[in-house]
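Just below is one structure, and these are the notes that go with it.
The values are calculated or read from the model by the stated rules, or taken from the named source; none is laboratory data. No experiment lies behind these values; they were computed from the predicted model shown. All Cβ positions, even for glycine, are placed from backbone atoms using ideal geometry, and neighbour counts span all protein chains on display.
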Amino acid sequence: MEMTQTNSDLLLLLAACCGLLVIATLIGEVLRARLHKTHANLTVETYLTRVHSWWGMVFLFSIALLLGPVGIIVLFAFCSLAALREFLTLTTKTNADHWSLIASFYVILPLQYVLIWWGEVGLFSTLIPVYAFLLLPILSVLRGGKGANKNFLARISETQWGLMICVFCASYIPALVTLDIPGYGSRTPLLIAYLVFVIQIGDLMEYFAGRRIGKTKVAPAVSPKTREGILCGAALAAGLGFLLTWMTPFSPLASMAMALMAYLIGVGGSLVLAAIKSDRGIKNWGHLIPGQGGFVDQLDSVVFAAPVFFHITRYYYGG
């Protein structure tokens, strides 16, 4: 692998992430040592489990970024596949939906990422919300069979929105490498690192601060997120946006605004998926990532923010 300036910057960011994770781990270990077996201690244990999971995820994510567009696209295609499987496992399906499920997993998902590899913005921006949304109900109607019309709208909607969240929105993260930004060159992988970093670190701050000082829940029926925790997460995200301006084509003020925007949209996405989990009576979408649940749990914030971040960046900074 050739050592470019972009790779050097990514390694610098990796070192910074490792430093932050070391600090986060030490803080958690100190708190665990000082607390007795109380509810607060359980919060710290969950916090530490999440930090430990982040060590592995940061390593895999960094390797993908360093490998370039191929590594990034393959990583997120796999994440989309795992997330879509988690999402659709919890939906209502009949034999009439077999064709639409096959099309979702084996045609639409890979085609979406192939179009991103080709840089076909017009096509990957419309494949799922236009063509797939129209095709899937047609396939279910044609497949037919006994009970094909039972809960038809709900069944089709669940598949459509599974594709929308787990494939369409998630694919906009690697799509950032296709942006042509004058004066920015081949540094677009840094935008992916920037987006994921500010949102996830903001989420980690929201989780910890919300459970330590949070009092007012923003959506008590579906989520423990509090106004105080979100404010702390937003402040940290904006601050990180300022500090990470060097990674972006943005001015310092614009970088703070973009980071804040991405984080707040991510909070909204997290609340929406929490509402879906509450409706389904589950705590996590899966159990593959210790302390984090499944892939949908981990991607919820970033996938909602990614399309907005992509299009704003393309509109204002693209060639």
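The residues listed here are Val141, Val114; of these, the one that is at pLDDT below 95, of a type outside the set (Lys, Arg) and not in a loop (DSSP other than H, G, I, E, B) is Val141. The sole residue among Ala96, Ala83 that is buried (at least 21 other Cβ atoms within 10 Å of the Cβ) and within 17 Å of Ala170 (Cβ to Cβ) is Ala83. Scanning the stretch 106-126 for residues that are in contact (Cβ under 8 Å) with a residue 40 or more places away in the chain, among the aliphatic types (A, V, I, L, M) and over 17 Å from Arg314 (Cβ atoms) gives Ile108, Leu109. Set side by side, the residues Leu299, Leu260 differ, and just one is assigned to a helix (DSSP H, G or I), buried (at least 16 other Cβ atoms within 10 Å of the Cβ) and modelled with pLDDT of 85 or more, which is Leu260. Please verify whether Ser140 is crowded, with 23+ Cβ neighbours inside 10 Å and touching a residue at least 24 places away in the same chain (Cβ under 8 Å), treating the condition exactly as stated. For Ser140, the condition - crowded, with 23+ Cβ neighbours inside 10 Å and touching a residue at least 24 places away in the same chain (Cβ under 8 Å) - is met.
Entry remark, the stretch 194-221: residues being part of a loop (DSSP other than H, G, I, E, B), in contact with a Ser or Thr (Cβ under 9 Å, 6 or more places away or on another chain) and under 15 Å from Val272 (Cβ atoms) number 2 in total. Checking the stated criteria, Leu65 turns out not to satisfy the condition of being surrounded by fewer than 17 Cβ atoms within 10 Å (Cβ to Cβ) and within 23 Å of Phe295 (Cα to Cα). Touching a residue at least 60 places away in the same chain (Cβ under 8 Å) and either more than 18 Å from the chain's Cα centre (by Cα) or in a helix (DSSP H, G or I) (or both), is that true of Phe133? Here the answer is no, as Phe133 does not meet what is asked.
So that you can scan it fast, the table gives a plain yes or no per residue for (1) out of contact with any helix residue (DSSP H, G or I) (no Cβ under 6 Å at 6 or more places or on another chain); (2) in contact (Cβ under 8 Å) with a residue 12 or more places away in the chain; (3) of a type outside the set (Lys, Arg):
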site: Ile230; (1), (2), (3): no, yes, yes
site: Gly233; (1), (2), (3): no, yes, yes
site: Ser255; (1), (2), (3): no, yes, yes
site: Leu271; (1), (2), (3): yes, yes, yes
site: Ala274; (1), (2), (3): yes, yes, yes
site: Lys283; (1), (2), (3): yes, no, no
site: Val308; (1), (2), (3): no, yes, yes
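Scanning the stretch 227-248 for residues that are in contact with a Leu (Cβ under 7 Å, 6 or more places away or on another chain) and in a loop (DSSP other than H, G, I, E, B) yields one hit, Thr248. The condition of being among the aliphatic types (A, V, I, L, M), in a helix (DSSP H, G or I) and surrounded by fewer than 14 Cβ atoms within 10 Å (Cβ to Cβ) holds for only one of Ile128, Ile72, Ile102, that being Ile102. The condition of being without any contact (Cβ under 8 Å) to a residue 24 or more places away in the chain, more than 30 Å from Ile312 (Cα to Cα) and not β-branched (Val, Ile, Thr) holds for only one of Leu35, Leu90, that being Leu35. Go through (1) in contact (Cβ under 8 Å) with a residue 12 or more places away in the chain; (2) part of a helix (DSSP H, G or I) for Pro224 and report which single condition fails. With (1) in contact (Cβ under 8 Å) with a residue 12 or more places away in the chain; (2) part of a helix (DSSP H, G or I) applied to Pro224, the lone miss is (2). Selection of first residues in the stretch 167-182 that are closer than 9 Å to Ser80 by Cα and of second residues that are part of a helix (DSSP H, G or I) and among the polar types (S, T, N, Q), restricted to Cβ pairs under 6 Å at least 6 apart or on distinct chains, gives the following pairs, ordered by first then second residue: Val167/Ser80; Val167/Gln112; Ala170/Ser80; Ser171/Gln112.
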